[in-house]
Amino acid sequence: MKILAIETSCDETALTLLSISDTENDTAKDPRFTVRSHIVLSQIELHKEFGGVFPNLAKREHAKNSVPILIETLKNAGMYEHITDSSLPSKLEYIQETVEQLLEREAELYHQLWALVTTIKKPDIDYICVTNGPGLEPALWVGINFAKALSLIWDIPVVPVNHMEGHIVSVFAHGDSFTVIPPQFPALSLLISGGHTELVLVRDWMDYTKIGQTRDDAVGEAFDKVGRLLDLEYPGGPKVSLLAQRAETSPSPSHSFSGARPTTSEDTKTSPQPPSQEGGPPYIDSLQTSNESSPPFFGGATASGSPETVGGGLTPAITLPRPMIHTDDYDFSFSGLKTAVRRLVEECKKNNTFTDSVREQIALEFERSVTEVLLEKTKRALIHYNIQTLIIAGGVAANTRIRTAFQTLLDQEFPDITYLIPDKGLAGDNSLMIGMAGYFRIRAQEKDPTLAIPLEHIKAEGNMML
């Protein structure tokens, strides 16, 4: 089976061409994927001036870049072959108006595509898989209409794919050729990205139940917002992590930043207090203020020492809340944490103490707060649902602290649970994961044809759920 996969849900235009072998001597076996081409074009540089992804700009860039990437994809896969006969195939003459109407809002895409398909042979592709949600709807529509146009021109069926399902299966991709061995079920997937933070119970392939989600900001969104507060260029999330690493490798000479942190009212809603560092699990790495009685900053953030000391230029030992860490559910909330950072930054700027060292310590404490909340919620779900496999996926799964913390948690407390996490290069949005998820959709449709969605019914769903 050969699959062309298309991903345009946000600010990456991505195309992948896969070959999948799942039979041997007419006997079914675990599918082996061979990546014949994989191209991801990021628009980050274009969106920097807006401090985030500007949907209409993303849409324009997808339309401009889709055909050039398709050409490169076909060449990489050895499927780019010119037509020797200069006459236009009769089918193309028949459908030209339909394709032009389909792409009427992406005129540049239409003209590029028509120039291509009238000069090359139909490639040996069995299915086109395309992301139809969740994501930015203007961006999603470009990929969907591109896939539909190719389907009409080349008579290849289109399979819509849920972007989050793509993230779940991304953990099985390693290198240019790999075999997907089904995990032990039930599995738990923690999906963490710029738009999502959710815990999903996976009972089998394509059998999903969301058991928890963010009530406001997604974790990646919170990272980027904190990055802006710390005067970091978009995207701020990775830069926040770099500041946090710098804080650990170059600690403040004025204070020690290890030990347990003070608790907050948010921590104590429904559960007993966590143990102190001395008796607590080593994968929790918190901060200790040097003065327990010091007054809190707004929003639950705290700096140690007297107000005069904080305002006098010494680096404060900073603590931030761990929102909803002990609530009796699997939901998350990061908006208040972001607000606590904002108010702390405002106070430091007011007192002229917003130094590079303080920025680093704020980044470190923010990252620690996020990690602890993710760990605690996931840990309780692992126990409650008797999980056999833990999957961490999404763009924030590239975060080193989070990756390491979960590895340590499983090594020390859940050694029998399999831990799956994508290669860092595949944690973000990509089309390889869309092709992989599409493959499993195709096999499911073969068993149950009612699962197939007619071409005319495929649409962009910005808020699509698993």
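The values are calculated or read from the model by the stated rules, or taken from the named source; none is laboratory data. The shown structure was predicted, so the numbers you read here are calculated from the model rather than taken from an experiment. Note that each Cβ is placed from the backbone with ideal geometry, even for glycine, and that neighbours are counted across all protein chains shown.
Looking only at residues in region 431-456 that are in a helix (DSSP H, G or I) and acidic (D, E), which one is surrounded by the most Cβ atoms within 10 Å (Cβ to Cβ)?
Step one: filter region 431-456 for residues in a helix (DSSP H, G or I), giving 432-447, 449-451, 455-456.
Retained after the next criterion (residues that are acidic (D, E)): 446, 456.
Details: E446: 10, E456: 7.
Among those that are in a helix (DSSP H, G or I) and acidic (D, E), it is E446.
Here is a yes/no grid of residues against (1) in the same structural domain as G438 (by TED's automatic domain parsing); (2) within 23 Å of M164 (Cα to Cα); (3) touching a strand residue (DSSP E or B) at 6+ places or on another chain (Cβ under 9 Å); (4) in contact (Cβ under 8 Å) with a residue 60 or more places away in the chain:
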residue: T34; (1), (2), (3), (4): yes, yes, yes, yes
residue: L46; (1), (2), (3), (4): yes, no, no, no
residue: E49; (1), (2), (3), (4): yes, no, no, no
residue: V53; (1), (2), (3), (4): yes, yes, no, yes
residue: E61; (1), (2), (3), (4): yes, yes, yes, no
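Tally time: how many residues in region 332-349 are without any contact (Cβ under 8 Å) to a residue 24 or more places away in the chain and closer than 16 Å to R368 by Cα?
0
Can you tell me which of (1) among the β-branched types (V, I, T); (2) more than 23 Å from L136 (Cα to Cα); (3) crowded, with 17+ Cβ neighbours inside 10 Å is the one T179 doesn't meet?
Result: T179 passes all but (3).
I'm checking my understanding of the structure. Among residues of region 190-218 that are under 15 Å from V373 (Cβ atoms) and among the charged types (D, E, K, R), which one is surrounded by the fewest Cβ atoms within 10 Å (Cβ to Cβ)?
Ranking the qualifying residues of region 190-218, first place goes to R215.
I need the strands (runs of 3 or more DSSP E) fully contained in region 149-241, keeping only those with at least 2 residues that are free of Cβ contacts under 8 Å to residues at least 24 places away in the same chain. Write out each step before concluding.
On the way: elements: 158-162, 177-179, 187-192, 197-204, 207-213.
Filter on region 149-241 gives 197-204, 207-213.
Any residue at all in region 377-388 that's outside any helix (DSSP H, G or I) and in contact with a Phe, Trp or Tyr (Cβ under 9 Å, 6 or more places away or on another chain)?
In the first step, residues of region 377-388 are kept if they are outside any helix (DSSP H, G or I); the result is 385-388.
Those still in the list that are in contact with a Phe, Trp or Tyr (Cβ under 9 Å, 6 or more places away or on another chain) too: 387-388.
Yes, there is a match, as at least one residue in region 377-388 is outside any helix (DSSP H, G or I) and in contact with a Phe, Trp or Tyr (Cβ under 9 Å, 6 or more places away or on another chain).
Working carefully through the options A187, A222, find the one that is out of contact with any strand residue (DSSP E or B) (no Cβ under 7 Å at 6 or more places or on another chain), over 13 Å from G394 (Cβ atoms) and buried (at least 20 other Cβ atoms within 10 Å of the Cβ). Step through it out loud before you land on a result.
Numbers: A187 fails: out of contact with any strand residue (DSSP E or B) (no Cβ under 7 Å at 6 or more places or on another chain).
None of the other options fit; the residue is A222.
State all residues of region 402-442 that are charged (D, E, K, R) and under 16 Å from the mean Cα position of the chain (by Cα); if no residue qualifies, say none. Steps first, please.
Here is the first cut: in region 402-442, the residues charged (D, E, K, R) are 403, 411, 413, 416, 423-424, 429, 441.
R403, D423, K424, D429, listed by residue number.
Residues are listed down the side, and each one gets a yes or a no for (1) touching a residue at least 40 places away in the same chain (Cβ under 8 Å); (2) surrounded by fewer than 22 Cβ atoms within 10 Å (Cβ to Cβ); (3) out of contact with any helix residue (DSSP H, G or I) (no Cβ under 7 Å at 6 or more places or on another chain):
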| residue | (1), (2), (3) |
| --- | --- |
| L375 | yes, yes, no |
| R380 | yes, yes, yes |
| I383 | no, yes, yes |
| N386 | yes, yes, yes |
| T389 | yes, yes, yes |
| G394 | yes, no, no |
| I402 | yes, no, no |
| D411 | no, yes, yes |
| F414 | no, yes, no |
